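The values are calculated or read from the model by the stated rules, or taken from the named source; none is laboratory data. Owing to the predicted nature of the structure, the values given are computational and were not obtained by experimental measurement. We place every Cβ from the backbone using ideal geometry, glycine too, and count neighbours over all the protein chains shown. For accessibility, only protein heavy atoms count, side chains too; no ligands or nucleic acids. Shrake-Rupley method; radii C 1.70, N 1.55, O 1.52, S 1.80 Å.
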Amino acid sequence: MKKIDENYILTGLIWLLGGMAFGMYLGATGQFNFANSHAHANLVGFVASTLFGLIYRIFPAMKSSKLAAPQFWIYEIGAALLVAGKIVVDSGGADSLVKLGSVVVTTGAILMLVVFVRDRQPKSA
């Protein structure tokens, strides 16, 4: 995934705008019980995604990793599941989706660690 750095930063900015819009809606409607969901959207969505993009930019050899694309998709799907699960929990629902999202997003973070440790340096000939 040659543009994974840009994809992560773009996805992070989309998370930021979504999280901000969600926060504005919550403030306007007084639904402060969803503050935790709002925080997770911005931290797991915007902050982590953008940082991952910057890490891929600083260490361009990581883009060539066979794990780069799966790592991106696993993390972002996990982030969406986690945030959706937090919204369900904050509205008084079951916690099964947030548990699944937590496992998936953590798997994506572990893969990021593996890619960084294994592939941050260009391979020598």
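Within a Cβ distance under 11 Å of D5, other residues only, what is the Lys/Arg minus Asp/Glu net charge?
For residues surrounding D5, the net value is +3.
Skip the ligands, DNA and RNA, and give the accessible area per residue of the chain with a 1.4 Å probe, whole Å².
Solvent-accessible surface per residue comes out at 55 Å².
I want to check the label-to-label distance for I110 and V88. Put each point 7 Å from Cα in the C-beta direction and report it in nm to one decimal.
2.2 nm
For n ≥ 4 DSSP H runs only, could you compute -39500 (n - 2.57) per run for the chain, divide by its residues and tell me the 222 nm figure to the nearest 500?
-24500 deg cm²/dmol
Distances longer than 18 Å among the Cα atoms of the range 1-73: what percent of all pairs is that?
Result: 45 percent of Cα pairs exceed 18 Å.
Can you give the net charge of the other residues whose Cβ lies under 13 Å from the Cβ of F22, counting K and R as +1 and D and E as -1?
So the environment of F22 carries a net charge of 0.
Considering Cα pairs under 8 angstrom that are at least six residues apart, work out the relative contact order of the range 31-125 and quote it in whole percent.
Relative contact order, the range 31-125: 34 percent.
If I model a spin label at K123 and F32 as a point 7 Å from the Cα along the Cα→Cβ vector, what separation in nanometres do I get?
5.5 nm
Please compute, for the alpha-carbon atoms of the chain, the extent along each of the three principal axes and give them in descending order in Å.
Dimensions of the chain along the principal axes of its Cα atoms: 60, 26, 16 Å.
What number, in percent, do you get for the relative contact order of the range 72-125 if the mean sequence gap of Cα pairs under 8 Å and at least 6 apart is divided by its residue count?
39 percent
What lysines sit close enough to K66 to cross-link, taking a C-alpha to C-alpha distance under 22 Å and skipping anything fewer than 8 places away on the same chain?
The reachable lysines, counting only those whose Cα sits under 22 Å from K66, are K2, K3, K123.
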